[in-house]
Amino acid sequence: MSATTSDPRRSGPPLSGRAAPRRRIHLSWSDPLLRNIVWQVLIVGVVAGAVWYLAGNTARNLAARHIATGFGFLSHNAGIPIGEHLIDYDPSTSTYGRAILIGVLNTLKVSVAGIVLATILGTLIGVGRLSRNWLVARISGVYVEALRDLPVLLQLLFWYGLLQTLPAPKQSWHLGEAVFLSNRGIKVPLLDWQPAHGWALAAFVLGVFGTLAWRRAAARRQANTGIRPPVWPVALGLLGGVPLLVWAAFGAPFTLDVPVLRGFNFQGGGTISPEYGALLIGLVTYTAAYIAEIVRSGIQAVPAGQSEAAAALGLRPGEALRLVVLPQAMRVIIPPMTSQYLNLTKNSSLAVAVGYQDVVSIGNTTLNQTGQAIEGIALIMAVYLAISLSISLFMNWYNARIALVER
Amino acid sequence: MFRLTSVLGALVAGALLSGGAARADGSGSATIDAIKARGQLVCGVGGSVPGFALPDSQGVMRGLDADFCRAVAAATLGDATRVKFVPTTTTNRFTALQSGEVDLLVRTTTWTLGREANLGLLFAGVNYYDGTGFMVKKALGVKSAKELDGATICIQPGTSTELAVGDFFRVNKLKFTPILIADLPELRNAFLSGRCDAYSTDGSQLAGFRATQPNKDDLVLLPETISKEPLGMMVRKGDDKFFDLVRWTHFAELIAEEAGVTSRNIDSFADTKLPELRRLLGLEGDMGKALGVDNRFAYNVVKQVGNAGENWDRSMTALGVPRGINALWNKGGLQYAPPMR
């Protein structure tokens, strides 16, 4: 190749601010621009053709097989019983649409709790593997190897089986006369909710913002003057004192809805069912094993010189970890962590094996009762896509925010 | 997840299959032609339901539903052994039939209007007149389903039981907590371990389940039957010839029982003068040919599998289930076949 046929994209004055000159397309296979366009049109065409063919074929076959289609079933009366629901549900009056919404909420209930708990447990175990305490490091290592090597479905069935061996309600283990553990789940007393509690909660939320603002002001003051105003008395007042005063001003109402054994089961109080419990424990312990490895690798990815430099500046080991090592480790940890959060959410669809009614379970029942298989599966896929994309977006935003710390 | 992928797979397979239109050659039925070309009937069954379809210690599928699959194979191919049994769950059974994964679905499936109108499937007959019942442990001390207020009840999802139990509790203004597990052995474990107070499904399945339990005296069937559950065999809509064949396979079993023809004595009728029997055995008329199969289809069904009464005894009497309303019409039951002529 001679010098005269240099890449035209690189021709023109270097470092100039103006846009690259418009290029003409040469009708020759040796023109890379033309080649790119041809390939891309071809690939888009093949994909679109395949989708077109599949959609058309499906529609034709559905018609040939006399299968009714459409989403009209969502407004029909469901009639299917649902065990756990966060919003009101009555099989005789509620629709399939509401039933599926309950499934979505149940999926979110187990996913959100699972992500929070798995992060906490995984971080503890990941740090534990690096511990200088031999026993802690070994136990953490065994945990990781054992739990990530067994299929999660087996683990779920194990936990569900284990929870079923708990005693019957009449012989339940109990803590006082308030908390009961039986094969019907954990029964706990619930606060009988009154307006006073709402106001106290509002005061607490305001207190959180107030404390954060005070802390920021204190930090600014410290940076300017070297004197740090005390934070904790203000925090205590805003978070504890004010809400308590608000509650007292409303007459300090306090009654508990305590579970009582009546008939077959406990009535009243709050419940964590064995199905939810088995699913949550199974997902958390399984995912925590992966998160532990991510946390460990993230910490080890920070050069030892960083902790040594922190020590040389006089930071204690805990401070060094919190202020120097972890912020740098986070940049390594966050991207794979996102994948684990998505995995946990998707694995929650195994709920169907332990009788927890998540969106897949209710969606499957719906498509079975109505016969709308394609619509039902499309709905389930749309729900998971929406949840997963939300998690991805949030984690990408958080990742970008952490990356900015780099100097 | 596994269920999702299997449903999806079935859907894609359905989309890729050629349409169900009948081809010009052969029997005039795409399904019968496909079975003959394959040399095998693919039959969707339950696979874990005692009395209906459950493999024995040799791995041979046994039960009323399994024997009906064999009867259709005998009618179509002349050989009752040429059946491939495909175990299906309550939630994937219809998709399996719709997509063409199975030719015939004989899986304790209740005949309802909704299913026939929406699914693109047809019921060809009723091989068991059943009803939803409840089973509890004797220790619970419950004598009637109306005492189950507040109880936790184990049910398979996607079944008509699910709706029947909901209706029963609604009508009687009682409350219950459902535990829905698709996998039958898992569901039964949940009941046996005490997670549920009661287990609800078709009475026949409860009886079959109870009979296979080592501690069967601790389990009690409650007296109420809360719904009508006619269990039938299903085919795809749009292949009327195959529908006819499946329906008349069932009728042939009933006609044989009514006439006293069994798998053991059928050859002694070879020189019978009775016209109805001569048509049944394929000695007279073109009954089989009209259905697109051999004229001796009914002979093959009865000879190789048995008449309706024999099939019942083999599967149900062995479990201690009385025949009740499933007897022939002239013995106080509901089973009635139109004349074969």
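The values are calculated or read from the model by the stated rules, or taken from the named source; none is laboratory data. The structure presented is a predicted model; accordingly, all values stated were derived computationally and were not measured. Glycine also receives a Cβ, built like all others from the backbone with ideal geometry; neighbour counts cover every protein chain displayed. Side chains are part of the model used for accessible areas, which takes the heavy atoms of the whole protein and leaves out ligands, DNA and RNA. Shrake-Rupley method; radii C 1.70, N 1.55, O 1.52, S 1.80 Å.
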ask   = Restricting the range A:252-284 to residues that are open to solvent by 60 Å² or more (accessible area, probe 1.4 Å) and within 18 Å of A:His197 (Cβ to Cβ), which is nearest to the other protein chains (Cβ to nearest Cβ)?
value = A:Asp257
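Could you run through the range B:89-122 and say how many residues are among the hydroxyl-bearing types (Ser, Thr, Tyr), under 24 Å from B:Asp240 (Cβ atoms) and buried (at least 19 other Cβ atoms within 10 Å of the Cβ)? Give the derivation first.
First, the residues of the range B:89-122 that are among the hydroxyl-bearing types (Ser, Thr, Tyr): B:89-91, B:95, B:99, B:108-110, B:112.
Cutting the leftovers down to under 24 Å from B:Asp240 (Cβ atoms) gives us B:95, B:99, B:109-110, B:112.
Of the ones still in play, those that are also buried (at least 19 other Cβ atoms within 10 Å of the Cβ) are B:95, B:99, B:109-110.
Looking only at that region, the number is 4.
Suppose we keep only residues that are under 17 Å from A:Val360 (Cα atoms) and open to solvent by less than 80 Å² (accessible area, probe 1.4 Å) within the range A:74-93. Which one would you say is farthest from the other protein chains (Cβ to nearest Cβ)?
Once the filter is applied, the top-ranked residue is A:Leu74.
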query = Could you say whether any residue in the range B:87-100 is assigned to a strand (DSSP E or B), in contact (Cβ under 8 Å) with a residue 24 or more places away in the chain and within 12 Å of chain A (Cβ to nearest Cβ)?
reply = no
query = Restricting to helices (runs of 4 or more DSSP H) lying wholly in the range B:151-251: which have 3 or more residues that are under 26 Å from B:Leu328 (Cβ atoms)?
reply = B:203-211
ask   = Of the residues in the range B:283-305, how many are outside any helix (DSSP H, G or I) and either at pLDDT 95 or above or of a type in the set (Ser, Thr, Tyr) (or both)?
value = 1
ask   = Looking at the range A:344-379, which of its residues are among the polar types (S, T, N, Q), modelled with pLDDT under 90 and outside any helix (DSSP H, G or I)?
value = A:Gln372
Positions within the range A:25-50 being in a helix (DSSP H, G or I) and open to solvent by less than 90 Å² (accessible area, probe 1.4 Å), in sequence order = A:Pro32, A:Leu33, A:Leu34, A:Arg35, A:Asn36, A:Ile37, A:Val38, A:Gly45, A:Val47, A:Ala48, A:Gly49, A:Ala50
inquiry  = With the structure loaded, tell me whether A:Ala311 is more than 28 Å from A:Gln340 (Cα to Cα) and open to solvent by 50 Å² or more (accessible area, probe 1.4 Å) or whether it fails that test.
reply    = yes
Qualifying residues in the range B:137-155 (those that are open to solvent by less than 10 Å² (accessible area, probe 1.4 Å) and not aliphatic (A, V, I, L, M)) - the one farthest from A:Lys170 (Cα to Cα) = B:Cys154
key: A:Met337 vs. criteria over 23 Å from A:Leu62 (Cβ atoms), assigned by TED's automatic domain parsing to the domain that holds A:Gly103 and assigned to a helix (DSSP H, G or I)   = yes
query = Quick check: is even one residue across the range B:189-205 in the same structural domain as B:Val45 (by TED's automatic domain parsing), of a type outside the set (D, E, K, R) and open to solvent by 40 Å² or more (accessible area, probe 1.4 Å)?
reply = no
Single residue of A:Tyr356, A:Tyr341 found to be of a type in the set (Phe, Trp, Tyr), open to solvent by 10 Å² or more (accessible area, probe 1.4 Å) and within 30 Å of A:Gly97 (Cβ to Cβ) = A:Tyr341
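Being in contact with a Gly (Cβ under 6 Å, 6 or more places away or on another chain) and either under 18 Å from B:Gly125 (Cβ atoms) or among the aromatic types (Phe, Trp, Tyr) (or both), is that true of even one residue in the range B:254-269? If you could, list the steps in order and put the result at the bottom.
Filtering the range B:254-269 for residues in contact with a Gly (Cβ under 6 Å, 6 or more places away or on another chain) gives B:257, B:263.
Within this subset, residues satisfying the condition of being either under 18 Å from B:Gly125 (Cβ atoms) or among the aromatic types (Phe, Trp, Tyr) (or both) are B:257.
Among the residues of the range B:254-269, at least one is in contact with a Gly (Cβ under 6 Å, 6 or more places away or on another chain) and either under 18 Å from B:Gly125 (Cβ atoms) or among the aromatic types (Phe, Trp, Tyr) (or both), which makes the answer yes.
Kindly indicate which of B:Gly238, B:Gly232 is touching a Phe, Trp or Tyr at 6+ places or on another chain (Cβ under 7 Å) and either open to solvent by less than 40 Å² (accessible area, probe 1.4 Å) or not charged (D, E, K, R) (or both). Outline the logic, then answer.
Working: B:Gly238 fails: touching a Phe, Trp or Tyr at 6+ places or on another chain (Cβ under 7 Å).
Matching residue, one of B:Gly238, B:Gly232: B:Gly232.
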inquiry  = Can you find, within the range B:73-129, the residue that is farthest from B:Arg62 (Cα to Cα) among those that are charged (D, E, K, R) and touching a Lys or Arg at 6+ places or on another chain (Cβ under 7 Å)?
reply    = B:Arg93
request  = Assess whether B:Thr76 counts as being within 14 Å of another protein chain (Cβ to nearest Cβ), assigned to a helix (DSSP H, G or I) and crowded, with 24+ Cβ neighbours inside 10 Å.
outcome  = no
ask   = Among the candidates B:Arg314, B:Arg264, which residue alone is outside any helix (DSSP H, G or I), open to solvent by 70 Å² or more (accessible area, probe 1.4 Å) and out of contact with any helix residue (DSSP H, G or I) (no Cβ under 6 Å at 6 or more places or on another chain)?
value = B:Arg264
query = Hey, does the range B:208-215 have a residue that's among the basic types (Lys, Arg) and more than 30 Å from B:Glu101 (Cα to Cα)?
reply = yes
query = Yes or no: B:Gly19 open to solvent by less than 50 Å² (accessible area, probe 1.4 Å), at pLDDT 50 or above and not assigned by TED's automatic domain parsing to the domain that holds B:Gly208?
reply = no
ask   = With A:Ala249, A:Ala288, A:Ala301 as the choices, which residue is in contact with a helix residue (DSSP H, G or I) (Cβ under 6 Å, 6 or more places away or on another chain) and either open to solvent by less than 30 Å² (accessible area, probe 1.4 Å) or not assigned by TED's automatic domain parsing to the domain that holds A:Gln155 (or both)?
value = A:Ala288
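Pull up the range A:62-73, narrow it to residues that are in a loop (DSSP other than H, G, I, E, B), at the interface with chain B (Cβ under 7 Å from one of its Cβ atoms) and on the phi < 0 side of the Ramachandran plot, then point me to the one that is surrounded by the fewest Cβ atoms within 10 Å (Cβ to Cβ).
So in the range A:62-73, the residues in a loop (DSSP other than H, G, I, E, B) come out as A:65-71.
Narrowing the set further to residues that are at the interface with chain B (Cβ under 7 Å from one of its Cβ atoms) leaves A:65-68.
Those left that are additionally on the phi < 0 side of the Ramachandran plot: A:65, A:67-68.
Values: A:Arg65: 21, A:Ile67: 21, A:Ala68: 14.
Residue satisfying both the conditions and the ranking: A:Ala68.
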ask   = Checking A:Leu117 against (1) of a type outside the set (Val, Ile, Thr); (2) more than 28 Å from the chain's Cα centre (by Cα); (3) at pLDDT 95 or above, which single condition isn't satisfied?
value = (2)
Residue under evaluation A:Thr165, criteria (1) in contact (Cβ under 8 Å) with a residue 60 or more places away in the chain; (2) closer than 30 Å to A:Thr287 by Cβ; (3) not basic (Lys, Arg), criterion not met = (1)
